[in-house]
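Q: There's a structure below that I have some questions on.
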Amino acid sequence: MTVQSAYQEEQQRLEEALRDIHAQLQAIGPRYKGDDFTEQMLDLQQEERRLRLEISKKEPYFGRIDFQELPAGDQKPMYIGKAGVAKQGSNELLVIDWRAPVASLFYSFTGGDAPAAYESPDGEVTGHVHLKRNFMIRQGEIVRLVDSYIRGQEEGSVTDEFLLYRLGENKDNKLRDIVSTIQGEQDRIIRAERNRALFIQGVAGSGKTTVALHRLAYLLYQYADRMRAERMIIFAPSRMFLDYISGVLPELGVGDIQQTTFSDWTLELLENAVRLDDPSRTMTYWFEERRTAEEIGHSSGRFKGSLAFKAIVDERIAEFKKRIVPAVSFVPIDGLELNPEQMQEWYDTDYGEEPLMKKRDRLVSRIRRWFESELKLRRVTDKKVRAKALAKLASFTKKIPAYGSPELYASLFQGKQAAKGVPKPVAATTAERLGSGIAAVEDLAPLAYIHLELFGLPAQAFDHIVIDEAQDYSPFQLEVLRRCQRTVSMTVLGDLQQGIHAYAGIQSWEELMGLFDEKQTGFYELNRSYRSTMEIIEFANKILGGMTGGVKPAVPVFRSGDPVALVQTEDEAWLEAIEASVAEWQSTGQYETISVIGRTALECERIFQHLTGKGFSASLVQSKQPAYGGGLSVVPVYLSKGLEFDAVLIADAGGEAYGELDSKLLYVGCTRALHKLKLLYKGRLTSLLND
């Protein structure tokens with residue numbers, strides 16, 4: 001069959017599918033407005049079906065695979081799309097959902113005449129693939145059709161043609177789904193067993209964030225009877241990044257998943273009992289805590305993020321627990337005594353594994369019930385006697401300690417109660433902050449941990465947790481989130497080479513994986529970068545000089561582009577050089593998103609003022625910014641992580657801007673570019689680029 005005849009046949013099939021989808025949408029009635037519960041449930045099912053059809057209407061499918069089941073099955077064409085759709089009035093599938101077991105063939109099969117297999121609910125199914133075809137459909141028209149495999153006519157040169165075409169497209173201000181171009185190594189992560197903590201080391205541009213989002217959609221499809229979207233949560237590095245990824249899940253037909261940052265989640269958990277300190281002071285605290293870490297022989301990560309500090313917190317919680325049950329008897333009236341042994345028995349046996357403060361409150365309630373029961377049994381009616389007994393009850397129960405997490409945490413650093421192992425400089429600084437109701441970023445994990453121990457989870461446990469940029473998480477942070485699940489189910493992803501905050505995070509994934517039983521974890525590496533051209537990736541790899549933590553360098557997809565440009569400029573002509581580069585790129589019309597990446601927020605402010613003063617329409621990305629708007633932007637390098645742009649201009653790659661300790665920062669900045677990368681430098685070029 002010729003390409004033209006294949007196109008005509010597929011276009012006709014597409015039009016038939018669209019007519020069917022439109023007819024099904026038209027047949028769906030209005031929403032139910034009444035109070036009948038059964039009708040409400042039916043209405044929800046109908047609305048879910050309508051949403052699936054709306055997704056399919058825009059792009060019914062993106063792939064086709066012709067499969068012949070062995071030993072003697074018929075060859076059947078199967079069309080793969082974002083949402084499964086059955087033909088109107090029939091059980092025959094018009095489109096197979098990409099998450100269905102048989103659809104895994106579309107992602108796992110890479111060619112060859114050997115039998116292929118997929119795991120069905122009934123076991124492994126084996127057969128022959130005869131055709132693998134990719135589509136791009138826009139406005140009801142097939143705009144691109146690529147056969148990546150035809151049995152007996154395999155051509156390796158076209159295997160990645162469709163992928164390269166999609167990678168060559170320009171970028172807007174949102175992360176896109178990759179459902180039509182999921183690669184085999186990505187698909188294995190997406191479909192991995194749910195009851196595990198998956199750790200993903202992914203190089204810049206490997207699609208790790210998108211893979212994690214697709215994994216959420218897959219889990220909700222595969223385990224619909226055991227997992228709920230509202231019991232899933234995504235932890236991202238910033239609110240702006242949350243806005244950037246916000247379109248992926250709705251495009252996959254998934255909603256109601258919580259999306260937050262660790263800081264925002266903790267402050268909400270604590271009901272804003274503390275407020276977050278100015279992040280600019282973080283480095284001061286880091287120097288204090290580095291000294292602390294050296295004193296106790298702990299060299300990696302923050303002291304307050306370490307398991308050594310968690311042990312100190314655990315000791316204080318254990319001390320508090322011992323003081324909850326009074327060590328003396330309660331004697332409200334002569335001849336009536338409640339001894340400590342009875343109270344201890346109530347505390348130990350009646351309230352199970354409930355959180356400490358709930359057990360404390362129940363103990364107080366039990367003492368009050370005992371008090372009322374005994375007075376009634378003894379027929380104590382004298383008002384003066386009762387009033388005196390009630391006063392004794394109030395005094396006794398007040399002595400049973402009640403703490404909030406800020407108070408208990410603060411006790412680690414205050415006066416004679418200060419915990420052993422916390423040096424005086426750190427204790428004094430932390431106590432001063434907490435006394436004013438202020439917490440630093442590194443205080444949030446222990447505060448959240450103490451709150452969970454005291455009060456438990458505010459709602460249901462999480463069915464699944466996604467942690468992005470996890471290389472910047474401490475072991476204590478992950479331990480907090482681990483305690484928010486009854487059964488381990490996590491996707492933890494990041495890149496050790498993008499750990500740009502030297503005072504935070506980890507040096508190796510083993511620091512986080514060690515929190516789990518070995519059987520509960522899985523480790524995956526995504527070393528192939530799909531974002532940037534070969535020239536950009538090879539350039540960025542050289543910046544690091546050598547990978548740390550056992551990480552392998554990024555391997556680019558075979559997509560070639562312009563060489564990376566290095567251009568020297570003098571300080572007095574620097575802003576004009578930035579302006580000229582931006583004007584040249586905009587004049588070509590090739591790039592929808594352009595970013596000028598500066599070293600500091602102050603430098604970016606200066607660049608932004610110059611560009612807008614010259615009439616450019618630009619946006620300045622700042623730390624508390626809730627959204628990224630696309631177009632021309634000026635971004636501090638430390639806020640660029642996770643974002644990507646068609647063209648990137650590093651404002652200054654001189655020796656004053658990037659020293660020997662800044663290799664990861666410069667690496668992050670360069671790997672934001674999809675198609676074009678240029679570096680200006682004032683004076684002497686950074687030694688990171690000497691070669």
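Q: So is Ile200 under 13 Å from the mean Cα position of the chain (by Cα), farther than 18 Å from Gly522 by Cβ and either assigned to a strand (DSSP E or B) or assigned by TED's automatic domain parsing to the domain that holds Cys484 (or both) or not? Steps first, answer last, please.
A: Details: under 13 Å from the mean Cα position of the chain (by Cα): yes; farther than 18 Å from Gly522 by Cβ: no; either assigned to a strand (DSSP E or B) or assigned by TED's automatic domain parsing to the domain that holds Cys484 (or both): yes.
Considered against the rule, which asks whether it is under 13 Å from the mean Cα position of the chain (by Cα), farther than 18 Å from Gly522 by Cβ and either assigned to a strand (DSSP E or B) or assigned by TED's automatic domain parsing to the domain that holds Cys484 (or both), Ile200 comes out as no.
Q: Out of (1) charged (D, E, K, R); (2) assigned to a helix (DSSP H, G or I); (3) modelled with pLDDT of 90 or more, the odd one out for Arg99 is which?
A: Going through (1) charged (D, E, K, R); (2) assigned to a helix (DSSP H, G or I); (3) modelled with pLDDT of 90 or more one by one, Arg99 breaks only (2).
Q: Right, next: Any residue at all in the range 172-182 that is polar (S, T, N, Q), surrounded by 20 or more Cβ atoms within 10 Å (Cβ to Cβ) and in a helix (DSSP H, G or I)?
A: Quick first cut of the range 172-182, residues polar (S, T, N, Q) only: 173, 180-181.
In the following step, the residues that additionally are surrounded by 20 or more Cβ atoms within 10 Å (Cβ to Cβ) were identified as 180-181.
The next check asks that each one be in a helix (DSSP H, G or I); those that pass are none.
No: the range 172-182 contains no residue that is polar (S, T, N, Q), surrounded by 20 or more Cβ atoms within 10 Å (Cβ to Cβ) and in a helix (DSSP H, G or I).
Q: In the set Glu15, Glu39, which member is charged (D, E, K, R), in a helix (DSSP H, G or I) and more than 26 Å from Ile178 (Cα to Cα)?
A: Numbers: Glu15 fails: more than 26 Å from Ile178 (Cα to Cα).
Just one listed residue meets the conditions, Glu39.
Q: I've got another one for you. In the range 524-536, is there at least one residue being of a type in the set (A, V, I, L, M), more than 30 Å from Ala197 (Cβ to Cβ), in contact with a Pro (Cβ under 9 Å, 6 or more places away or on another chain) and crowded, with 20+ Cβ neighbours inside 10 Å?
A: yes
Q: Residue by residue through the range 102-135, note down the ones that are farther than 24 Å from Asp147 by Cβ and either outside any strand (DSSP E or B) or outside the structural domain of Ile55 (by TED's automatic domain parsing) (or both). Don't jump to the end; show me each part of the working.
A: Residues of the range 102-135 farther than 24 Å from Asp147 by Cβ: 119-124.
Those that are farther than 24 Å from Asp147 by Cβ and either outside any strand (DSSP E or B) or outside the structural domain of Ile55 (by TED's automatic domain parsing) (or both): Pro121, Asp122.
Q: Let me ask another. Residues of the range 590-627 being within 25 Å of the chain's Cα centre (by Cα), touching a residue at least 40 places away in the same chain (Cβ under 8 Å) and surrounded by fewer than 17 Cβ atoms within 10 Å (Cβ to Cβ), which ones?
A: Matches in the range 590-627: Ser623, Lys624, Gln625, Pro626, Ala627.
Q: Let me spell it out: the conditions are (1) touching a residue at least 60 places away in the same chain (Cβ under 8 Å); (2) touching an Asp or Glu at 6+ places or on another chain (Cβ under 6 Å), and Ala229 meets all of them except one. Which number is the exception?
A: For Ala229, the failing item is (1).
Q: Determine, yes or no, whether Glu154 is touching a Gly at 6+ places or on another chain (Cβ under 6 Å) and modelled with pLDDT under 85. Break it down stepwise before answering.
A: Working: touching a Gly at 6+ places or on another chain (Cβ under 6 Å): yes; modelled with pLDDT under 85: yes.
Taking the combined requirement at face value, the residue satisfies it.
Q: Ok, one more. Looking only at the range 213-236, count every residue that is out of contact with any strand residue (DSSP E or B) (no Cβ under 7 Å at 6 or more places or on another chain), closer than 26 Å to Pro626 by Cβ and either surrounded by fewer than 20 Cβ atoms within 10 Å (Cβ to Cβ) or hydrophobic (A, V, I, L, M, F, W, C) (or both) and tell me the total.
A: Kept after step one, since they are out of contact with any strand residue (DSSP E or B) (no Cβ under 7 Å at 6 or more places or on another chain), are these residues of the range 213-236: 213-214, 217-218, 220, 222-226, 228-231.
From what's left, closer than 26 Å to Pro626 by Cβ: 213-214, 217, 229-231.
Then drop every residue that is not either surrounded by fewer than 20 Cβ atoms within 10 Å (Cβ to Cβ) or hydrophobic (A, V, I, L, M, F, W, C) (or both), which leaves 213, 217, 229-231.
Looking only at that region, the number is 5.
Q: Right, here's the next one. Determine whether the range 343-362 contains at least one residue that is under 16 Å from Thr397 (Cα atoms), modelled with pLDDT of 90 or more, hydrophobic (A, V, I, L, M, F, W, C) and surrounded by fewer than 15 Cβ atoms within 10 Å (Cβ to Cβ).
A: no
Q: Oh, and also: Considering only residues that are buried (at least 19 other Cβ atoms within 10 Å of the Cβ) and not in a helix (DSSP H, G or I), look in the range 240-252 and name the one that is farthest from the chain's Cα centre (by Cα).
A: Filtering first and then ranking leaves Leu252.
Q: Name the residue, out of Arg386, Arg379, that is out of contact with any Asp or Glu (no Cβ under 7 Å at 6 or more places or on another chain) and either closer than 30 Å to Ala431 by Cβ or not in a helix (DSSP H, G or I) (or both). Walk me through how you get there before you give the answer.
A: Values: Arg386 fails: either closer than 30 Å to Ala431 by Cβ or not in a helix (DSSP H, G or I) (or both).
Only one candidate qualifies: Arg379.
Q: So which residues in the range 467-488 are within 27 Å of Lys552 (Cα to Cα) and under 13 Å from the mean Cα position of the chain (by Cα)?
A: Ile467, Asp468, Glu469, Ala470, Gln471, Asp472, Tyr473, Leu478 - these are the residues of the range 467-488 that are within 27 Å of Lys552 (Cα to Cα) and under 13 Å from the mean Cα position of the chain (by Cα).
Q: If Leu515 satisfies all but one of (1) farther than 23 Å from Val441 by Cα; (2) surrounded by fewer than 19 Cβ atoms within 10 Å (Cβ to Cβ); (3) modelled with pLDDT of 95 or more, what's the number of the condition it fails?
A: (1)
Q: While we're on this one: Please go through the range 396-427 and give me each residue that is hydroxyl-bearing (Ser, Thr, Tyr), outside any loop (DSSP other than H, G, I, E, B) and under 36 Å from the mean Cα position of the chain (by Cα), ordered by number.
A: From the range 396-427, those hydroxyl-bearing (Ser, Thr, Tyr) are 397, 403, 405, 409, 411; that's our starting set.
Still in the list and also outside any loop (DSSP other than H, G, I, E, B): 397, 405, 409.
Matches in the range 396-427: Ser405, Tyr409.
Q: In addition: Can you name the residue in the range 559-586 that is among the hydroxyl-bearing types (Ser, Thr, Tyr) and over 12 Å from Ala647 (Cβ atoms) and, of all such residues, is surrounded by the most Cβ atoms within 10 Å (Cβ to Cβ)?
A: Taking the range 559-586 first, the residues among the hydroxyl-bearing types (Ser, Thr, Tyr) are 560, 569, 581.
Still in the running and over 12 Å from Ala647 (Cβ atoms): 560, 569.
Values: Ser560: 11, Thr569: 20.
Going through the qualifying residues, I end up with Thr569.
Q: Could you tell me which of the residues Glu185, Glu193, Glu141, Glu161 is modelled with pLDDT under 85 and either within 21 Å of Met490 (Cα to Cα) or surrounded by fewer than 20 Cβ atoms within 10 Å (Cβ to Cβ) (or both)? Steps first, answer last, please.
A: Numbers: Glu185 fails: modelled with pLDDT under 85; Glu193 fails: modelled with pLDDT under 85; Glu141 fails: modelled with pLDDT under 85.
Going through Glu185, Glu193, Glu141, Glu161 in turn, just one is modelled with pLDDT under 85 and either within 21 Å of Met490 (Cα to Cα) or surrounded by fewer than 20 Cβ atoms within 10 Å (Cβ to Cβ) (or both): Glu161.
Q: Show the residue pairs meeting these rules: Cβ distance below 9 Å; 6+ apart or different chains; first residue within the range 118-145 and farther than 22 Å from Arg13 by Cβ; second residue crowded, with 18+ Cβ neighbours inside 10 Å and of a type in the set (Val, Ile, Thr).
A: Hits for this filter: Tyr118/Val102; Ser120/Val102; Val125/Val102.
The values are calculated or read from the model by the stated rules, or taken from the named source; none is laboratory data. Quick caveat: nothing in here was measured; it's all calculated off a predicted structure. Glycine also receives a Cβ, built like all others from the backbone with ideal geometry; neighbour counts cover every protein chain displayed.
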